[in-house]
Every structure is written in structure tokens, then in C-alpha cells.
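The values are calculated or read from the model by the stated rules, or taken from the named source; none is laboratory data. In this text the structure is predicted, and so the values were computed from the model without any measurement. All Cβ positions, even for glycine, are placed from backbone atoms using ideal geometry, and neighbour counts span all protein chains on display. Quick note on the areas: whole protein, heavy atoms, side chains included, nothing else; ligands and nucleic acids left out. Shrake-Rupley method; radii C 1.70, N 1.55, O 1.52, S 1.80 Å.
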Amino acid sequence: MVPVFYIFAALTIIAALSVILQRTPVYSALSLIVVLCSLAVLYVSLGAKFLAVIQVIVYAGAIMVLFVLVIMLLNAGRERHTEGSRLARWLGVPLLAAFLVEILSVIWNGLSSGAVAPPAPDAGPAAVGALLFRHYVLPFEVTSILILVAILGAVVLAKKQL
Amino acid sequence: MVPLSHYIALSAILFVIGAAGFIFRRNIITVFMCIELMLNAVNLAFMAFSRFRGNLDGQLFVFFVIVVAAAEAAVGLALIISLYRSRDTLAIDELDSMKL
């Protein structure tokens, strides 16, 4: 189990770097699919079988199909290099580096690495569904309204004349 | 078993990579994909905390985040299509006015 984590953690980081370093959006989208699938493997290593399947079907499947479809529809080619990002470069690099150092130091000091994991809870569809429909039934219903609004919004926004 | 701190460190690194892409990239679709990357980094943290606390609540949060991300992707990509129709560009440097 231990080498699986490090192999897929490295794969995730490499693919995530590829997402932001590729200049063509289709390559970024394909790298993002690799990130999502290797995160699904990490979810399996954490014992979350159901969410791993959902991750692959919904995220790497449905959502990324939507992305690739829009990239092809809009014929998005290589992005041009502009000078508008100079402020972002001068301000962004130190801020992001400070953020990363800060958060890693908090993790290093705050989370003792000797914490023993309790026995893994059963995370199959039955257990997740029981919790979802008993304890989290109100958020679930609110989610249905959210999806309805999202469908209507997508149809209205993508119509020919706005 | 891999310690919790390694999962959270991976999550933090992924989040910073996503934030870097959000700041540095100039294509609106790529920026949108970097937002998805940051959402997934947070999902990994939820999942790791859920496992190390020994209950399923964190996994339910991940479930809801995935649902919201799906809705967000649908609406956001519709917005991008609508923007492209009216401005004929995807570069965020040129999308800097509030009105047509």
C-alpha cells in the first residue's frame, strides 16, 4: 500500500504540473484527466471505494468530456504570450511560495506523523448511501435545486442571443 | 499505512499548483481547469481526514463538492461559450471590460 501512494502521488504532481505548463488547452485537459484518475487511485488507498468510482465516472468522465467538447467547439489553440501577466509573475511567485512554505510548516508541526489510523470504515455504496439519505438528506435535496438551476442557467447562457 | 501528513502535504502541493496556474495562465478554459485542480486538492484533504478520523462524513463532503463542481462546470463553460460568441476571444487579458 505504501509504494502505491508514493507512485501515484508523484504521478499526480507531474500531471498537475503538466496541466499548468502545457500551452495548448487540449493537452492541459488530458493531463487533468490523468490527475483525476490517479487521485481516484489514492481514494482507493484511503478505503473510499465508492467515491473513487464516482470520481472516475463523474469527474474524469462527465465533467472532462464537457471541457474537451467546449475546447473543440471554440477551437482553442495555443495561447499567445502576453505582457499582461508581468504583475502576476512578480507578485504571484513570492505569494505562492510563501503560502506553500506556510502550509507545509503547519502540516509539519501540527500533524504528528505517528498518528495511528483507526480501522477503515466501510465506505461502500450502501454505507455512503445510508449516511447520505439519513443524516445528510437536507443538503441532498438542496443539491437537487442547485442542479436544476445549473441546467437552466447553462441552457439560457449558451443560447444564441443573450 | 502512509501517515496523514503526507496526504495533506500532497493536497497542499496540488492546491498551490492549481493556484499558480490560475494566476499565470492566460487562457480562460485553462484557468477554469486550474479551479477544478484546486477543488480536487481540497477533496483529497477531506478524504484523508475522513479516513484518519474513522468516519464517513468527509466522504459525503467530497460527494457534495463533486456535485457542485459539475454544476459549476456546466454554468462556467456556458458562460465561456457566451463570452466567446460576443468577444471572439478566450484570452483573459482582452476580457477586461464589464460592458460590451
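Things worth noting here:
- Distance (nanometres) between label positions extended 7 Å along Cα→Cβ at A:L148 and A:I7: 4.7 nm
- Three-way shape call for segment A:90-162 based on the alpha-carbon gyration tensor, with the a/c threshold at 1.5: oblate
- Accessible area per residue, Å², segment A:123-162 with all protein chains present, probe 1.4 Å: 71 Å²
- Mean Cα-pair separation over length for segment A:1-77, i.e. relative contact order, pairs under 8 Å, 6 or more apart, %: 31 percent
- Whole-percent pair-distance distribution, where bins are 5 Å wide, for the alpha carbons of segment A:49-107: 4, 14, 10, 10, 9, 17, 23, 12, 3, 0
- Net +/- balance of residues flanking B:V67 in space, Cβ distance below 14 Å, scoring K and R +1, D and E -1: -3
- When +1 charges are put on Lys and Arg Cβ atoms and -1 charges on Asp and Glu Cβ atoms, the dipole computed for chain B relative to its Cα centre reaches about 120 debye.
- Per residue convex hull volume, Cα atoms of segment A:123-162, in Å³: 67 Å³
- Of B:L10, B:I66, B:T30, farthest towards positive along the dipole that unit charges on Lys, Arg, Asp, Glu beta carbons give chain B: B:L10
- Surface composition of segment A:1-105: carbon plus sulfur atoms hold 77% of the accessible area, using a 1.4 angstrom probe and ignoring ligands, DNA and RNA.
- Once the Cα gyration tensor of chain B is diagonalised, semi-axes √(5λ) in Å: 33, 16, 7
- Kirkwood hydrodynamic radius over Cα pairs of segment A:1-77, then Stokes diffusion coefficient at 25 °C and 0.890 mPa s, in µm²/s: 189 µm²/s
- Rounded to whole Å, sorted largest first: equivalent-ellipsoid semi-axes of segment A:3-162, Cα gyration tensor: 31, 28, 17
- With Cα atoms, 0 to 90° folded angle of helix B:4-24 axis to chain B main axis: 10 degrees
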